[in-house]
1. Which value in nm describes the separation of the simple spin-label points at Glu31 and Glu107, placed 7 Å from the Cα toward the beta carbon?
2. Using θ = phi - 60° and the Karplus curve 6.51 cos²θ - 1.76 cosθ + 1.60, what whole-Hz ³J(HN,Hα) does each residue of region 122-135 get, with Gly and Pro shown as x?
3. What is the extension gain from Ser139 to Met118, computed as 0.36 nm multiplied by their sequence separation minus the C-alpha to C-alpha distance, in nm to one decimal?
4. FRET efficiency for Asp99 and Gln21, Cβ-Cβ distance as r, R0 = 22 Å, nearest 0.05?
5. How much length is gained on full extension from Phe41 to Met66, taking 0.36 nm per residue of separation minus their Cα-Cα distance?
6. Separation between the Glu84 and Ser126 pseudo-spin-labels, each 7 Å from Cα along Cα→Cβ, expressed in nm?
7. Once every Cα of region 21-146 carries one equal point scatterer and solvent is ignored, give the base-10 log of I(q)/I(0) from the Debye formula at q = 0.14 Å⁻¹, two decimals.
Amino acid sequence: MNKGTGVGTGPTAAAAAAAAQKQKTMMQRVETDIANIVDNFTQLVNVARVNDPPVRNSQETFMMEMRAARMVQAADSLLKLVSELKQTAIFSGFASLNDHVEQRTNEFNQQAEKTDRMLARIGEESAASLKELESHYYSSAQRTADTE
C-alpha cells in the first residue's frame, strides 16, 4: 500500500479532503431540506387559516396540496440523506476494520516466518546432534562389546 510521507500529501490527505467536502455538501443539503420543510409548513398554515364561511376555493386547496407535497419531498430527501450517512458510517467502519485485519495479517505472517526459521534451526541442530550421537554410539566400547 502506498502511504504518503509528506504532510498534506498522499491518499490520506486526499481522503480527508474528500470527506470534508462530502460533509460540507451533506450539511448544505440538511440546511436546505429543513428550510424547505419550515417554509412550506409556514405557508401551509397561512393558507389553511380558518374562515367564517367553510367554503374553500380550488386555489387555496391546490396551494395546500402543493405545500404538503413539497414538505413530503423535503422529508424524503432528509431520509435519503440519513440512509447515505448510515452507509458512509458502515463502509468507513469496514475500511478501518480492513486496515486492522491487514495489519494483523502482516503481524501473523511475520510471526509465521520467524517460527519457520526457528523450526528450521531446531531441525538442523537436532540433525547435527543426532549425527554426533550416532557417531559416539557406533564408536563406543559398549556397542563393540555388545556385538562380540
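1. The modelled label-to-label distance comes out at 4.3 nm.
2. Going residue by residue, I get 5, x, 5, 5, 5, 4, 5, 5, 5, 4, 5, 5, 4, 5 Hz, with x marking Gly and Pro.
3. Net length gain for the segment: 4.4 nm.
4. Calculated transfer efficiency: 0.50.
5. 7.9 nm
6. With each label point 7 Å from Cα toward Cβ, the separation is 6.2 nm.
7. Values returned for q = 0.14 Å⁻¹ are -0.85.
Every number here is computed from the coordinates shown, using simple stated rules; none is lab data. These numbers come from a predicted model, not from an experiment. With ideal geometry, Cβ positions are generated from the backbone for all residues, glycine too; neighbour counts draw on all protein chains shown.
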